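The values are calculated or read from the model by the stated rules, or taken from the named source; none is laboratory data. Note that the structure is a prediction, hence the values are computed from the model and not measured. Virtual Cβ from ideal backbone geometry, glycine too; neighbours counted across all protein chains shown. Calculation scope for accessible area: heavy atoms of the full protein, side chains included, ligands and nucleic acids excluded. Shrake-Rupley method; radii C 1.70, N 1.55, O 1.52, S 1.80 Å.
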Amino acid sequence: RLQGDWSSDVCSSDLQRTGGITNPQTFYFTPGLVAQFGLTVLSRDNTDFGVVTGTATFSGGGTVSATRAISEGAGVGDTFYGFVAPAGQSITGVSFTQQFVPDGKYLIFDDVGFIIVPEPSVLWLLGSAAGLALLRRQRKP
């Protein structure tokens with residue numbers, strides 16, 4: 001479980017809008033931390049955003065994208081986008097672009113979630129604990 005201000009440790013973004021809409025809207029992640037990321041883009045008020053594309057960038061330099069046209073009414077066209085990093089890599093960023101930027105309308109994100117890659121020290125401790133448990137079990141007559 002994450003405690004405190006996890007956003008400064010794991011994620012930064014350009015989602016704060018000052019006087020305009022940012023397109024693309026991007027989440028940036030601390031390299032080596034995020035293995036999986038997902039969120040829901042909400043549809044709203046029959047607003048036609050056109051094709052909405054989510055693109056994940058991986059620590060190995062590759063990318064993967066998912067697209068869907070979102071033009072339905074509120075709650076009707078909500079769309080989940082999920083990304084999983086290839087083995088041995090992490091997600092370093094996820095960007096969302098919308099084909100159309102209607103006046104005063106921007107993408108709304110909900111249900112944002114991510115899975116963090118355990119630190120090597122945590123994996124070492126878990127492995128050591130499992131090894132000790134096996135040794136203890138073998139010593140019992």
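Condition check ((1) out of contact with any strand residue (DSSP E or B) (no Cβ under 9 Å at 6 or more places or on another chain); (2) modelled with pLDDT under 70; (3) of a type in the set (A, V, I, L, M)) across all residues:
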residue: Ala85; (1), (2), (3): no, no, yes
residue: Gly88; (1), (2), (3): yes, no, no
residue: Ile108; (1), (2), (3): no, no, yes
residue: Pro120; (1), (2), (3): yes, yes, no
residue: Gly131; (1), (2), (3): yes, no, no
Q. Taking into account only those residues within the range 90-103 that are assigned to a loop (DSSP other than H, G, I, E, B) and closer than 19 Å to Gly77 by Cβ, which is least open to solvent (accessible area, probe 1.4 Å)?
A. Pro102
Q.
So in the range 59-70, with the set limited to residues that are open to solvent by 70 Å² or more (accessible area, probe 1.4 Å) and either more than 17 Å from the chain's Cα centre (by Cα) or free of Cβ contacts under 8 Å to residues at least 12 places away in the same chain (or both), which one is farthest from Gly93 (Cα to Cα)?
A. Arg68
Q. Hey, among Thr55, Thr30, which residue is modelled with pLDDT under 90 and of a type outside the set (Asp, Glu)?
A. Thr30
Q.
For the range 39-58, give me the residue count where each residue is under 14 Å from the mean Cα position of the chain (by Cα), buried (at least 17 other Cβ atoms within 10 Å of the Cβ) and touching a residue at least 60 places away in the same chain (Cβ under 8 Å).
A. 2
Q.
Tell me the residue from Gly77, Gly113, Gly73 that is within 26 Å of Val41 (Cα to Cα), part of a loop (DSSP other than H, G, I, E, B), open to solvent by less than 50 Å² (accessible area, probe 1.4 Å) and modelled with pLDDT under 90, please.
A. Gly73
